[in-house]
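Structure, as structure tokens:
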Amino acid sequence: MLMKSKPFYRTRLGQAYIGNSLDLLAELPNSCIDLVMTSPPFALRRQKSYGNVEETEYVNWITPFGVEVFRVLKETGSFVLDLGGAYRLGMPSRSLYNFRVLLAFCDKIGFHLAEDFYWYNPAKLPSPIEWVNKQKIRVKDSVNPVWWFSKTSFPKADVRKVLAPYSDRMKKLIKDPGSFYKPMKRPSGHDVGTNFGKDNGGAIPSNMLSISNTDSNSSYLRMCKEFGLERHPARFPSDLPAFFIKMLTDEGDVVLDIFAGSNTTGFTSEATRRKWIAFELNKEYLTTSVFRFMEGGNIEDTKKAIEQLKSQHSDYLIRGTRCSLERNRPVATNGVIDGQVELKF
């Protein structure tokens, strides 16, 4: 089923749309999306170029989006919401807006909180300046709450797809379990059996995701500079959506980002062979997002793409997408068929 609106651009697996997300969500049928992965504008006290909303208004502003997301999600679907923290105006006291969103979504809309995650960004700069740098009465805010909502108690999920590498000590234990432990019931009540030393391919990750946001020399930023176009100022690293896309969906599933920005979610979905849909209000942000799909391509093709996207009704088809999450490997090129890509719901 195709959306009524014409896409701004499309790839073999996805479509990006310009417009108000509430209007675009209304075009989607019920129970058609496997995962909504997004990072909306945070409730910051300083007005940002990407359109953040005041803390006191935030819950009322974001709730209608949550209602529509609940409608379009499949029964096995998930909604992952990255919500950064904020301080109250003029005081070193934290806002509770992100927790009020959590309560409103569960109590008023009917979402389940499948699990709370926390994204730790070691590279984040100290802020706010007044309380951290000047008065030195607070530490830097390096952690974002990430709420994993679900429509039911048992959404699709498989942690085996996101196993973490074993520690050196665990590798030694697997190699020679007898030197490290004896199967027995511990005082804590844990029954440590012989399977404790089994090699399962990796360790179960925790809900604290340590991912540096150090996107300072990417193709996206270089191309924005070369073409004199505005880059999105609040991009999350592809490793963040990749974790949830891999854990909560299968290849061929549909991933939606309702505040797409520079379309990191769409790029990550394409790289992991998921279908994707992106909604974004700002045309320039969505225009520059095509750079993510054209890395390593011909510069003349990129110029033509930008010119096409400046037209009023572009519907631009990227004929060869180049998406890879492996930073040190050559990008993979996917073939593409001509004509409209139909996302079957």
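Brief remarks on what is shown
- The 3J(HN,Hα) values that the Karplus relation (6.51, -1.76, 1.60; θ = phi - 60°) gives for segment 8-16 are, in residue order, 6, 8, 8, 10, 4, 10, x, 9, 10 Hz. Gly and Pro appear as x.
- Annotation: peptides 64-72, 254-262, ranked by per-residue average of other Cβ atoms within 10 Å with the highest first, follow the order 254-262, 64-72.
- Neighbour net charge for LEU256 - beta-carbon separation under 13 angstrom, K R +1, D E -1: -2
- Calculated FRET efficiency for the pair GLN308/VAL67, C-beta based, R₀ 30 Å, to 0.05: 0.30
- Residues whose amide H lies under 5 Å from that of GLU295, counting only those 5 or more places away or on a different chain, are ARG322; hydrogens are built 1.01 Å from N in the peptide plane.
- A simple packing score, the average count of other Cβ atoms within 10 Å per residue, orders the peptides 240-246, 55-61, 121-127 as 240-246, 55-61, 121-127, with the highest score first.
- Rolling a 1.4 angstrom probe over segment 80-184 with all protein chains present gives an accessible area of which 58% lies on carbon and sulfur atoms.
- Convex hull of Cα atoms in segment 232-320, direction-averaged projection (nm²): 6.0 nm²
- For the peptides 295-304, 111-120, residues were scored by their other Cβ atoms within 10 Å and the scores averaged per peptide; the highest-first order is 111-120, 295-304.
The values are calculated or read from the model by the stated rules, or taken from the named source; none is laboratory data. Worth saying up front: this structure is predicted, and the values here are computed from it rather than measured. Note: ideal-geometry Cβ built from the backbone for every residue, glycine included; neighbour counts use all protein chains shown. Protein only, heavy atoms only, side chains kept; ligands, DNA and RNA dropped before computing areas. Shrake-Rupley method; radii C 1.70, N 1.55, O 1.52, S 1.80 Å.
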